[in-house]
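Novice: Sharing a structure here in structure tokens format.
The values are calculated or read from the model by the stated rules, or taken from the named source; none is laboratory data. All values derive from a computational prediction rather than experimental measurement. Ideal geometry is used to build each Cβ from the backbone, glycine not excepted, and the neighbour counts take in all protein chains shown.
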Amino acid sequence: MSETVQSPIDSTHRSGQRPMIALEGVSKTYPKQSKPAVAELNLQVPEGAIVTLIGPSGCGKTTILKMMNRLIEPTTGRILLAGEDVTDVNGDQLRRRIGYVIQQVGLFPHLTIGDNIAVVPKMLGWDKRRVASRVDELLHLVGMEPDDFRDRYPRQLSGGQQQRVGVARGLAADPPVMLMDEPFGAIDPITRERLQDEFLEVQRQVAKTICFVTHDLSEAVKLGDRIAVFAARGRLAQYDTPSEVLAHPADDFVTEFVGSGAAVRRLSLLEINLLELEEIVISGAGAAGKDHPVLSVDGAGHPSAWQHLPGSEHLPPLVTVPLSGTVYDAVDVMLDGRAPVVVVVDDNGQPRGALHWEALVADLRTKGQPR
Amino acid sequence: MESYLRYLSENSTELIFYAQQHFLLVGYSVGLASVIALALALLLHTNQLTPPSWRRSLRVGGRETSLLLASAALTIPSLALFGILQPLLGLGVTPSIVALTLYAIYPVLRNTLAGLSSVDPAVLEAARGVGMGPVRRMLRVQLPLAWPVIISGIRVAVLIVISIAVVAAIINGPGFGKPLQDGLARLGAVNSFNEVITGTLGCLVVAACYEIVFVVVRRLTTPRGIRV
């Protein structure tokens, strides 16, 4: 992995520049404790971005999140929401303007799913019709059929469904900001993965500014436009894009925290469609030069087998990976199929190029970069 | 047996009157006790009604003190309590209701406090996180969720008070205490045993009526989402 792969996956294009949330010199000292839990923190969250807050347990990341909506009052410092100083406004009013989702979900068990989602709009005095249509809209958004779920009760739902409702409740009054405290932390790995994908899909549609606390580095990397890595006492050790954090940890603490798996994790940030792939030749299409891999295809144009690989005596089994996947997926199928090369196919199953194992460990070239 | 049935039919008007009195005496006392206990518990449990610096100590202290007083009231021998109240409040209905209310507070208070603190902290945190103030949080979330526990406390109070209420007869109180004590006083005389049996069975009938009331009330007041 070299520097050359970083610019295309820098995700600043997904987020604006104006800070939606700004913490200025924020400290929190709990009563009867001499040392602060969070000391002199400055943090700016750009509008429309997902910022994941990560760090070892007890580093104060949840405290920091809860100071943003003043569930925990900072001892010193200022909190700005879209440029407005909200350090001293009414906390309950403030929280109605900020979505909040927690790990334990905390749905109100005595209210129906619809009423749970409608809590904040009702407090804000929306009229009944507007509330009802908003509830249906949100249930659709999180992939639950309103007619099936509106009148059910939380205990009738699975954990994953409950957290979907939790997210819908957070989004109910269309707040510009969402705070999420390990929302998928208590959910089984398979469901978690699906919820993360759905969450990104929802975010594509709603484009909120989101602060997301997690202790799972893969989650932080997958979801975050930026990652804020915290050390003990709420010290912001590094605040950068996932690829930067993985490739260039700011100090020893981050290096240790990111751990030895950093290089592998970075593969999942690298989308195949941004890479310059090796040309392949379809057998029978003529001009079968000896320096390009040759592939035979079936009637529909789908790859069926290797005909020739330059510099290789034994032809490996054919494995494919979709163009929309990541390099991580490519490595996965290569290891799985014991093949040193993988064919990249597009949505229609047509071969678009090849990716070599040697290219991965040597120097990946992204499009538009000189050789 | 035949003579007892004849006794019942000859005295039916009077017995129905006793039953009504007993039912209402228990109802007023437990009702009053529930209002007092609920008000106390809500006051102690709703954050931010008290200054922040002594909020916690006040809540814990207030909670323990009120439970201690209420349980002390329950341990006073009923005979003595009615006797003590007599010089202050005289005879009849008023001192009976006051005494029985004192007995009923403890079970209601105990269950109300237990119910309110058994509410899932995550639910309360979510309530705070979506911007509910302390009063709204109590009335819209915590109280409805604690309600099944509270109502079972009220039911226990009713059962206790039904049997204690017969002692009210010593200060001329209403209810089945009167035939029971008359009968016990003249045991061996005509109909005396019938009166004792009637007083006892009467309490059971009143208790059965209340059980029916509670089934209906619990059904109607428990939110569907938390019904078991």
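Novice: Can you tell me which of (1) touching a residue at least 40 places away in the same chain (Cβ under 8 Å); (2) away from every other protein chain (no Cβ under 14 Å); (3) among the polar types (S, T, N, Q); (4) surrounded by fewer than 23 Cβ atoms within 10 Å (Cβ to Cβ) is the one A:THR209 doesn't meet?
Specialist: (4)
Novice: Another question, if that's okay. Which one of A:GLY99, A:GLY114 is crowded, with 16+ Cβ neighbours inside 10 Å, in a strand (DSSP E or B), small (Gly, Ala, Ser) and on the phi < 0 side of the Ramachandran plot?
Specialist: Residue meeting the stated conditions: A:GLY99.
Novice: Return the only residue of A:THR52, A:THR75 being crowded, with 22+ Cβ neighbours inside 10 Å and not aliphatic (A, V, I, L, M).
Specialist: It is A:THR52.
Novice: Please go through (1) within 15 Å of the chain's Cα centre (by Cα); (2) within 14 Å of chain B (Cβ to nearest Cβ) for A:ARG194 and return the number of the only condition it doesn't satisfy.
Specialist: (2)
Novice: OK, next. With the structure loaded, tell me whether B:LEU79 is modelled with pLDDT under 90 and in a helix (DSSP H, G or I) or whether it fails that test.
Specialist: Yes.
Novice: Only one residue in B:ALA146, B:ALA114 is crowded, with 22+ Cβ neighbours inside 10 Å and more than 10 Å from the chain's Cα centre (by Cα), so which one is that?
Specialist: Of the residues listed, the single one that is crowded, with 22+ Cβ neighbours inside 10 Å and more than 10 Å from the chain's Cα centre (by Cα) is B:ALA146.
Novice: Can you name the residue in segment A:76-92 that is assigned to a loop (DSSP other than H, G, I, E, B) and more than 14 Å from chain B (Cβ to nearest Cβ) and is also nearest to A:VAL177 (Cα to Cα) among such residues?
Specialist: Taking the candidates together, the pick is A:ALA82.
Novice: In addition: Would you check if A:VAL101 is in contact (Cβ under 8 Å) with a residue 40 or more places away in the chain, among the β-branched types (Val, Ile, Thr) and touching a Gly at 6+ places or on another chain (Cβ under 6 Å)?
Specialist: Yes: the conditions hold for A:VAL101.
Novice: Separate question: Does A:SER218 satisfy the condition of being assigned to a loop (DSSP other than H, G, I, E, B) and either under 15 Å from the mean Cα position of the chain (by Cα) or at pLDDT below 90 (or both)?
Specialist: no
Novice: Which pairs do you get when a residue that is surrounded by fewer than 16 Cβ atoms within 10 Å (Cβ to Cβ), found in segment A:340-357, comes within reach of a residue that is basic (Lys, Arg), reach meaning Cβ atoms under 6 angstrom, with the pair 6+ apart or on two chains?
Specialist: What qualifies is A:ASP346/A:ARG352.
Novice: From the list A:ARG130, A:ARG164, A:ARG155, A:ARG97, which one is among the basic types (Lys, Arg) and modelled with pLDDT of 95 or more?
Specialist: A:ARG130 is the lone residue from the list that is among the basic types (Lys, Arg) and modelled with pLDDT of 95 or more.
Novice: Does segment A:123-177 hold any residues that are part of a loop (DSSP other than H, G, I, E, B), away from chain B (no Cβ under 14 Å) and touching a residue at least 60 places away in the same chain (Cβ under 8 Å), and which are they?
Specialist: Residues satisfying the conditions are A:VAL142, A:PRO176.
Novice: Does at least one position in segment B:215-225 carry a residue that is in contact with a Phe, Trp or Tyr (Cβ under 7 Å, 6 or more places away or on another chain), in contact (Cβ under 8 Å) with a residue 40 or more places away in the chain, more than 14 Å from every other protein chain (Cβ to nearest Cβ) and not acidic (Asp, Glu)?
Specialist: no
Novice: Still on this model: Kindly indicate whether any position in segment A:350-368 is part of a loop (DSSP other than H, G, I, E, B) and at pLDDT 85 or above.
Specialist: yes
Novice: Tally time: how many residues in segment A:65-75 are of a type outside the set (Lys, Arg) and not in a loop (DSSP other than H, G, I, E, B)?
Specialist: Of the residues in segment A:65-75, 3 are of a type outside the set (Lys, Arg) and not in a loop (DSSP other than H, G, I, E, B).
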